[in-house]
Each structure stands twice: as C-alpha cells, then as structure tokens.
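Remarks on the structure that follows.
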Amino acid sequence: MTLSPELLALARYLAGEFSNQAQALAEPVWYVHLRLWQRPVPAPLFPEDSIALFAEQANALNLDQPYRQRILRLQPIPDQPSGLQVEYYALKEPAAWRGAGRNRALLGQLTPAQIEFLPGCTLSVTAQPLTPDSSHFSAFLPPCARCSFTYQGEIRQVSLGFEATPAQFLSYDKGIDPATGNGLWGAVKGPFQFTKCQDFSAELPV
C-alpha cells in the first residue's frame, strides 16, 4: 500500500531524539531537562498502511533510566483516506524494552504479541501547510475520549497531545486526577518544547 505524503511527513517529523534543554534552562521550576526518543520500529507490527514508532523518555541526568515506553501507530483514519490518526499501545513488559530508543537492534525483536492497544488513547491529527514542502501537525484526543491504563495496580488517566513541525516538537502529555480533572504531572504549565538533536527518519521502513 502506498502511504500518503502527509503520513510520511508526520513520521519524518516525529522520528528522532529530542531535547528540551533550552526550555529547562529558562524555566527550571516547571520543566525538567528531558530527552525523548521516537524511533521507527523495524519489525512489522501492523499492516502496511501504518508506521510504528517506539517512544520513551529520560531525565537528561539519568539517560540510562528511560521510562514511559510506548508504541505510536501512525495511520490513515479508516474510511477517511485523507485523515490521519495516532493510536497508542502499551508494551506488556516495558522493562524488557528499556533503552531501545538508543538501541535500534533491540526493536527488531518486538512482535505484535508483546504490545496491547490502549482504548481511548487515539489522537486525531490535523495538518496545516506552512510552505509547499512543510506542514504543521496537531494531534489531540477527541473531547469525549478518556485515555487510561493500569500501572502498578492503579488506574492512571492521561491527556495526550502534540504538535510537530520540521523545527519543533511540542508535547502536551500530562497525568490527570480522575476525580478533579486537574493535571498532576507533565505539561501542566504548557507543552514541553523539544528540538530534534538526532534524526531517525532514515530508519523509516518506506
């Protein structure tokens, strides 16, 4: 199946290692200096209409202790070929894949049986042209969606979202208090502002 130019552009913008060092230095009270990896998965996890990215992040002071391992599936919206969406998947044993953002060979061992779909955690993507060769992508949960998962025996709710251009990646991910709807961690005071410090787009399987 031929992937759309919009889907390929989104994948290129997302694929890389990112840092928010400038933001962390400017506002250290609100933003920790993070590294974020979003790496194309070489193993075929989904049908050919999709691109899979492995994501994890780490405190810049502890790069050997990454966390929040997950899989992003970029794909057309079913029955809407011109629309895009991003589905989130959990890894059944996240510790087994810790560090795969910096170790691509590890991702080659990933199989569909080792991931599980997270209901309610699908982002709708909109694209706005910036130039004839670039776009601004926005991806957010629908208003009625409730993205939650079980972690250490407890139900955790999160709000997911991002914006992406060739120059910047903004992450709106944050934990939510189910009782109050207030933010608990993450982008509580606004998005994390990442810039790409290493490009992984050459690893895309297209």
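The values are calculated or read from the model by the stated rules, or taken from the named source; none is laboratory data. Given the structure is predicted, the values throughout are model-derived calculations rather than measurements. Because the Cβ atoms are built from the backbone with ideal geometry, glycine has one as well, and the counts that use them run over all protein chains shown.
Observations
- Filtering Phe140, Phe117 for residues that are surrounded by fewer than 16 Cβ atoms within 10 Å (Cβ to Cβ) and under 15 Å from the mean Cα position of the chain (by Cα) leaves a single hit, Phe117.
- For region 71-83, taking the residues that are out of contact with any helix residue (DSSP H, G or I) (no Cβ under 8 Å at 6 or more places or on another chain) and under 30 Å from Lys189 (Cβ atoms), the one that is surrounded by the most Cβ atoms within 10 Å (Cβ to Cβ) is identified as Ile71.
- If only residues of region 1-13 that are hydroxyl-bearing (Ser, Thr, Tyr) and over 17 Å from the mean Cα position of the chain (by Cα) are counted, the one that is surrounded by the most Cβ atoms within 10 Å (Cβ to Cβ) is Ser4.
- Any hit, region 11-33, residues being charged (D, E, K, R), in contact with a strand residue (DSSP E or B) (Cβ under 9 Å, 6 or more places away or on another chain), in a helix (DSSP H, G or I) and modelled with pLDDT of 95 or more: yes
- From the list Pro119, Pro129, Pro42, Pro76, the lone residue that is outside any loop (DSSP other than H, G, I, E, B) and either in contact with a Leu (Cβ under 8 Å, 6 or more places away or on another chain) or in contact (Cβ under 8 Å) with a residue 12 or more places away in the chain (or both) is Pro76.
- Yes/no for Gln152 being within 21 Å of Glu17 (Cα to Cα), of a type in the set (S, T, N, Q) and at pLDDT below 95: no
- Any chance Ser50 is of a type in the set (Gly, Ala, Ser) and out of contact with any Ser or Thr (no Cβ under 7 Å at 6 or more places or on another chain): yes
- On inspection, Gly120 does not qualify as under 25 Å from Leu3 (Cβ atoms) and of a type outside the set (Lys, Arg).
- Verdict on Ala95 being in contact with a Leu (Cβ under 7 Å, 6 or more places away or on another chain) and not in a strand (DSSP E or B): no
- Counted residues, region 168-184 - those being closer than 20 Å to Leu72 by Cβ and not polar (S, T, N, Q): 7
- The set of residues in region 14-50 that are surrounded by 17 or more Cβ atoms within 10 Å (Cβ to Cβ), over 30 Å from Pro78 (Cβ atoms) and of a type in the set (Phe, Trp, Tyr) contains only Tyr31.
Table: residues versus (1) under 17 Å from the mean Cα position of the chain (by Cα); (2) more than 21 Å from Ala145 (Cβ to Cβ); (3) part of a strand (DSSP E or B); (4) not polar (S, T, N, Q).
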| position | (1), (2), (3), (4) |
| --- | --- |
| Asp49 | no, yes, no, yes |
| Gln57 | yes, yes, yes, no |
| Leu63 | no, yes, no, yes |
| Leu84 | yes, no, yes, yes |
| Leu106 | no, yes, no, yes |
| Gln109 | no, yes, no, no |
